[in-house]
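The block underneath contains the structure these notes are about, expressed in C-alpha cells.
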Amino acid sequence: MLASTCVEKSVAKRFQESLYPAWGQNFRVDEVLFESRTDHQHLIIFRNERFGTVMALDGVIQTTEKDEFVYHEMLTHVPMFAHGNARRVLIIGGGDGGILREVLKHPGVEQVVQVEIDAAVIDMCKKYLPNHSAGAFEDPRVKIVIQDGVDFVLENREAFDVIISDSTDPEGPGEVLFTSRFYQACKNSLTEGGILATQNGVCFMQLDELQTTWRRFEGIFADRWFYGAAVPTYVGGIMTLAWGTDDPTLRRHGLETIAERVEQAGFSTRYYTPEIHVAAFALPKYVTDAINTAESA
Ligand code: SAM
C-alpha cells in the first residue's frame with residue numbers, strides 16, 4: 001500500500017489502492033496521521049493535497065475529506081426522503097460518522113442505532129476526520145453498539161424504518177454484510193414499508209457483486225433495485241447502492257413529492273437534490289442487462 005517513488009527529485013510516499021489487482025488509483029501521501037492493524041483490519045489515515053484527509057481500510061479507500069459528502073448524502077437522503085417519515089434508523093458500519101451526521105439532519109428522526117465492528121475506526125475518525133461526524137456521535141438520539149453487524153441484526157428484536165449498511169467491500173469483516181442471512185435479518189428488523197439501502201460497489205468494476213445482491217434480495221424484498229452516485233474516489237464509474245423494500249412505490253415518488261419533503265426538512269446539501277434523487281434510480285443499460293441475466297441464472 002505505501003510505496004516510495006522518486007518524484008521531482010524527491011522521494012514521495014504513495015498509497016496504492018489494492019481493491020482491483022490489475023488497476024487502481026494512487027495518492028501521494030503528504031503525511032501519515034495514523035496507521036495501525038486494529039483487531040479487525042488495517043487502518044490508515046493520511047493527508048493528500050487534492051483530497052484532504054483520507055482513510056483506507058485493508059488497502060481500500062473508504063472516505064476522503066473532499067468528496068465524502070457525495071456518498072453520505074446519497075446513501076442517506078434517498079431512502080430517508082423516499083420513506084418520508086423515518087423515526088428510527090439503523091446504521092451498520094459507517095464508523096467515520098458521515099452517514100450518522102446526515103441521518104440526524106432529518107427533523108423526524110427520534111433514534112439512531114449504529115452498529116460498528118471496529119471502535120478504532122470511530123475513535124480515529126473522530127480525531128482525524130472530525131467534520132465527518134461533526135459531533136453526531138454525541139447526539140442524545142444516538143446509540144453506538146460495537147459489534148459485528150450481522151450478529152446484531154440476527155439477535156435484534158426492534159423495528160427500524162430505514163436501515164443503512166455502510167460497510168467495507170465483501171471481503172474481510174465486511175463479507176458477512178453481503179449475505180442472504182444478513183439481508184433477511186435486516187428485513188425482519190424493518191417496519192412495514194421500511195427500506196434497506198446498502199453500499200454495493202462500483203458497478204462497472206464490481207458488476208458480479210451487484211448481480212449477487214440482486215439474486216440474494218429475491219424472496220426477501222418485494223421491490224429490489226439499485227441507484228447510483230458519482231463518487232470521485234470510488235474509482236471506475238458510478239457507485240451503486242442497493243435498494244430493498246416491500247413497497248414498490250417508494251422509489252417511484254415524483255419530483256414534486258421529493259421536492260416538497262426536502263423543502264419541509266429544511267437543511268441544505270451539496271450533491272443531493274430532488275432531481276438527482278429521482279434520476280439516480282435510472283441505471284445504465286449494461287447494468288439492467290446484467291440484472292436480467294442474473295435473474296435468469
Ligand atoms: N463508504 C465506504 C465504502 O463505500 O466502502 C465505507 C465506509 S465505512 C468506514 C465502512 C465501515 O464498515 C468501517 O467502519 C468498518 O469497520 C465497518 N465494518 C466492516 N465490517 C463490519 C461488520 N461486519 N459489522 C459492522 N461494521 C463493519
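The values are calculated or read from the model by the stated rules, or taken from the named source; none is laboratory data. Predicted model, so just to flag it, every value in this text is computed and none were measured. Neighbour counts run over all protein chains shown; Cβ positions are idealised from the backbone, glycine included. SASA here: full protein model, heavy atoms, side chains in, ligands and nucleic acids out. Shrake-Rupley method; radii C 1.70, N 1.55, O 1.52, S 1.80 Å.
Of the conditions (1) part of a helix (DSSP H, G or I); (2) of a type outside the set (A, V, I, L, M); (3) surrounded by fewer than 20 Cβ atoms within 10 Å (Cβ to Cβ), Trp214 clears all except one; give me its number.
Answer for Trp214: the failing condition is (3).
Checking Phe152 against (1) within 11 Å of the ligand (Cβ to nearest atom); (2) closer than 20 Å to His77 by Cβ, which test does it fail?
(2) is the only condition that Phe152 fails.
Can you tell which of Ala56, Ala22 is outside the structural domain of Phe137 (by TED's automatic domain parsing) and either under 29 Å from Pro140 (Cβ atoms) or not in a strand (DSSP E or B) (or both)?
Ala22
Here is a list: Ala294, Ala222, Ala242. Which entry is hydrophobic (A, V, I, L, M, F, W, C) and open to solvent by 60 Å² or more (accessible area, probe 1.4 Å)?
Details: Ala294 fails: open to solvent by 60 Å² or more (accessible area, probe 1.4 Å); Ala242 fails: open to solvent by 60 Å² or more (accessible area, probe 1.4 Å).
Within the list Ala294, Ala222, Ala242, the selection yields Ala222.
I need every pair where a residue in segment 80-93 that is within 15 Å of Gly254 (Cα to Cα) and away from the ligand (no atom under 16 Å from the Cβ) has its Cβ under 6 Å from the Cβ of a residue that is acidic (Asp, Glu) and open to solvent by 10 Å² or more (accessible area, probe 1.4 Å), sequence separation at least 6 or different chains.
Close Cβ pairs satisfying both conditions: His83/Asp161.
Would you check if there is a residue in segment 55-74 being among the β-branched types (Val, Ile, Thr) and away from the ligand (no atom under 15 Å from the Cβ)?
No, there is no match, as no residue in segment 55-74 is among the β-branched types (Val, Ile, Thr) and away from the ligand (no atom under 15 Å from the Cβ).
Being part of a helix (DSSP H, G or I), modelled with pLDDT of 95 or more, within 15 Å of the ligand (Cβ to nearest atom) and surrounded by 16 or more Cβ atoms within 10 Å (Cβ to Cβ) narrows it down to one residue among Glu175, Glu209; which is it?
Criteria check complete, one pass: Glu209.
Looking at (1) assigned to a helix (DSSP H, G or I); (2) open to solvent by 10 Å² or more (accessible area, probe 1.4 Å); (3) in contact (Cβ under 8 Å) with a residue 40 or more places away in the chain, which is the one condition that is false for Arg101?
With (1) assigned to a helix (DSSP H, G or I); (2) open to solvent by 10 Å² or more (accessible area, probe 1.4 Å); (3) in contact (Cβ under 8 Å) with a residue 40 or more places away in the chain applied to Arg101, the lone miss is (3).
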